[in-house]
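Throughout, read-outs are computed from the coordinates displayed, never taken from laboratory work. Nothing here was measured: the structure is a model prediction, and the numbers come from that model.
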Amino acid sequence: MLFLLIPLVFSSCSVPRYMVDNTGLNTGLDFTKGKWLLNFVDATAGTQNKITTMAISHFSKVLNERFVYVADGIGLLLPKKTNMNPTPLVINE
């Protein structure tokens, strides 16, 4: 009887986890066209370098030569922080 109780106890302690990965679902930005510029990452000092490195690595793989990091761009003058929804006037400045 004990040999039946032990597996039941161990199996009841596990919680199932599910993860859905749908690469066919495109929400947000369309990265299939155009050139892309990554500005400086605004994060805490402890995570800023790690997030920047991860973002540069990911976007370089996905976008190839259509991606530029602002620190690597020659002659680009951009503010460190940009509004999430800039007006056309701000973009043209």
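Couple of notes before you dig in:
- Percentage relative contact order, segment 32-93, counting C-alpha pairs under 8 Å, at least six apart: 42 percent
- Set of lysines near LYS80 by C-alpha distance (under 20 Å), chain-local residues within fewer than 8 positions excluded: LYS35, LYS50
- Eligible lysines near LYS33 by straight Cα distance, threshold 22 Å, same-chain separation 8 or greater: LYS61
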